[in-house]
């Protein structure tokens, strides 16, 4: 129980962003990481951004995890393709 509470405390602690990332290429990086999951579900991922995406500061580790969760949730919500 003590380990569980310690883990929960770590999980719920609000961390300040480290502002170390400056590249919108993180979306492509995560899409490549998720490539086998997309292929398994017969999903083709296309990133289409209108114009230039201006650089902005963010914590790349936090945003990477958000994108992974978003992609996984989207894949789980999609119906499976017929074989």
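The values are calculated or read from the model by the stated rules, or taken from the named source; none is laboratory data. Just so you know, these numbers come straight off a predicted model, no measurement behind them. Glycine gets a Cβ as well: all are built from the backbone with ideal geometry, and neighbour counts include every protein chain shown.
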Query - Checking residue 70 against (1) at pLDDT 75 or above; (2) in contact with a strand residue (DSSP E or B) (Cβ under 9 Å, 6 or more places away or on another chain), the condition it does not meet - result: (2)
Query - Selection status of residue 62, over 27 Å from residue 80 (Cα atoms), modelled with pLDDT of 80 or more and out of contact with any strand residue (DSSP E or B) (no Cβ under 8 Å at 6 or more places or on another chain) - result: yes
Query raised in the report: Does segment 38-74 hold any residues that are touching a helix residue (DSSP H, G or I) at 6+ places or on another chain (Cβ under 7 Å) and in contact (Cβ under 8 Å) with a residue 40 or more places away in the chain, and which are they?
Result: 41, 60, 63, 67, 71
